[in-house]
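What follows is a single structure, written as structure tokens, with notes after it.
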Amino acid sequence: MLVGGQGSRLRPLTMSAPKPMLPVAGVPVTAHMLARARDAGITRVVLATSYRAEVFEDYFGDGSAHGLELEYVTETEPLGTGGAIRNVAPKLRGGPDDPIVIFNGDILSGLDIAALVRRHQQTGAAVTLHLTEVGDPRAFGVVPTDADGRVTQFLEKTPDPPTNRINAGCYVFRRSVIDEIPAGRPVSVEREIFPGMLAAGTLVVGYVDSTYWLDLGTPDAFVQGSRDLVTGRIGSSALPGPVGDWLVLPDATVATDAKLGGGSVVGVGAVVGDGATIDGSVIFDGAVIGEGAVVRASVVGAGAVIGAGVALDGVVVGDGARIDPDNELRAGARVFPGAVLGAGAIRFSSDRG
Ligand code: GDD
Ligand code: MG
């Protein structure tokens with residue numbers, strides 16, 4: 001599992017935790033992915049870490065609490081997706097023809113992993129890619145196939161995509177393919193390995209599975225993914241509570257007349273005051289939401305303090321920031337960790353001039 005990226009599009013959230021460790025519906029993205037892998041019968045996972053490597057091992061340990069055997073391999077310099085895969089080769093078990101499943105660590109997906117592996121075995125492909133369809137494929141790896149599912153091109157982040165089928169970030173590699181990736185230098189599977197295999201005529205197969213799929217790389221997607229987990233639109237055995245309209249984690253305090261909904265999650269030890277509304281939002285551990293505040297489609301970082309009467313809509317508030325009473329922040333606003341916004345500093349007015 002590839003978990004070494006920086007998550008720059010999720011700043012300021014990723015200033016304190018690497019993207020795969022940000023809590024979605026109460027637990028790290030990686031925990032949901034690992035649960036799906038385990039539920040599909042996978043017993044051993046190697047995490048390829050780089051940025052903030054230590055936090056993964058601190059959280060997951062040897063994996064026994066998660067029903068898995070976990071190992072870690074850390075890159076001293078980021079090796080890219082292909083380099084990271086090559087770098088874990090010494091930890092992989094099995095023979096040259098055995099299937100190895102590889103996951104991007106920032107995806108929420110309903111993929112039938114066992115079916116992907118079966119397809120790989122049936123076709124005898126060197127690599128089998130999970131493909132999904134998205135509205136705008138330009139931010140992804142675009143993957144045209146022929147009628148039999150054979151991949152004909154791999155076009156990473158192309159401005160003029162010929163299809164809206166994209167690389168969904170889960171692959172099965174024949175073990176020997178991993179051993180052949182150049183070692184000791186940065187390599188991209190998307191820009192170097194896949195195009196190289198196709199140029200050499202190697203069989204690469206695409207497996208279309210159009211169940212739930214989301215890359216959590218942007219704040220909007222991050223909030224969406226959390227809501228979908230809380231409401232059960234995407235199932236996860238790692239969800240720390242029952243599916244519902246909202247999820248309140250242990251030791252949180254929610255005033256009886258506060259309104260929670262839209263798949264919101266309130267983190268461990270967080271406080272939601274009288275008359276506050278939390279709608280479709282992610283409130284991290286220890287955050288405080290003041291009386292009458294209205295928080296919609298937003299992320300409030302760990303320990304952040306949102307004053308009384310504050311309105312947030314489509315906003316990301318970094319860890320430990322303080323937004324004093326009667327501020328109003330709208331879509332796209334990013335408050336950096338520890339920042340302080342004085343009372344009434346920012347408001348939107350509909351009755352100006
Ligand atoms: N260990 C390690 N080292 N992991 C890395 C590195 C690295 O140098 N660089 C990236 N990763 C991890 C990230 O943490 C993430 O889990 C995964 O590799 C993919 O990196 P992203 O940075 O999230 O890539 P992307 O979302 O722009 O594009 C990738 O995913 C798309 C699907 O979401 C590509 O694989 C696209 O082709 C694909 O469509
Ligand atoms: Mg991504």
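The values are calculated or read from the model by the stated rules, or taken from the named source; none is laboratory data. Everything numeric in this text was worked out from a predicted model, so none of it was measured. With ideal geometry, Cβ positions are generated from the backbone for all residues, glycine too; neighbour counts draw on all protein chains shown. Please note that ligands, DNA and RNA were not included when accessible areas were found on the heavy atoms of the full protein model with its side chains. Shrake-Rupley method; radii C 1.70, N 1.55, O 1.52, S 1.80 Å.
Some points to look at:
- Rg/Rh ratio calculated on Cα atoms of region 86-156 (Kirkwood radius): 0.97
- Protection proxy ranking, peptides 275-281, 140-146, 176-182, 22-28, average beta carbon neighbours within 10 Å, highest first: 22-28, 275-281, 140-146, 176-182
- Isotropic mean projected area of the C-alpha convex hull, region 8-215 (nm²): 11.5
- Computed over the chain, relative contact order equals 14 percent, with contacts defined as Cα pairs under 8 Å that lie 6+ residues apart.
- Most simply put, the chain has about 30% antiparallel DSSP beta bridges, counting only bridges with both residues inside it.
- Computed over region 108-225, the P(r) tail beyond 24 angstrom holds 25 percent of alpha carbon pairs.
- What separates the Cα centres of region 203-263 and region 127-154 is a distance of 26 Å.
- D_trans [Stokes-Einstein, Kirkwood Rh over alpha-carbon pairs] for region 255-327, 25 °C, 0.890 mPa s, µm² s⁻¹: 219
- Judged by the mean number of other Cβ atoms found within 10 Å, the most tightly packed of the peptides 80-87, 214-221 leads the ranking 80-87, 214-221.
- Peptides 167-173, 339-345 ordered by packing proxy, namely the average of other Cβ atoms within 10 Å per residue, highest first: 167-173, 339-345.
- Between region 272-318 and region 1-77, the Cα center-to-center distance that results, in Å: 26
- Antiparallel beta bridges, as assigned by DSSP with both residues in region 8-215, represent about 65 percent of the total such bridges.
- For the chain, the Rg and Dmax computed from alpha carbons only, in angstrom: 21.5, 74
- Rg/Rh for region 157-268 (Cα atoms only, Rh after Kirkwood) is 1.13.
- Within region 251-295, backbone nitrogen closer than 16 Å to the virtual label 7 Å beyond the Cα of A331 toward Cβ: 280-281
- Mean projected area (nm²) of the alpha-carbon convex hull when region 301-348 is viewed from all directions: 2.7
- Panel note: the C-alpha atoms of region 188-228, placed on their principal axes, show extents of 43, 22, 8 Å (largest first).
- Based on protein heavy atoms only, the chain ends up with 42 Å² per residue of surface accessible to a 1.4 Å probe.
- Region 8-215, relative contact order [Cα under 8 Å, separation at least 6], %: 24
- The Cα-based radius of gyration and maximum Cα-Cα distance (Dmax) for region 1-120 are 13.9, 43 Å.
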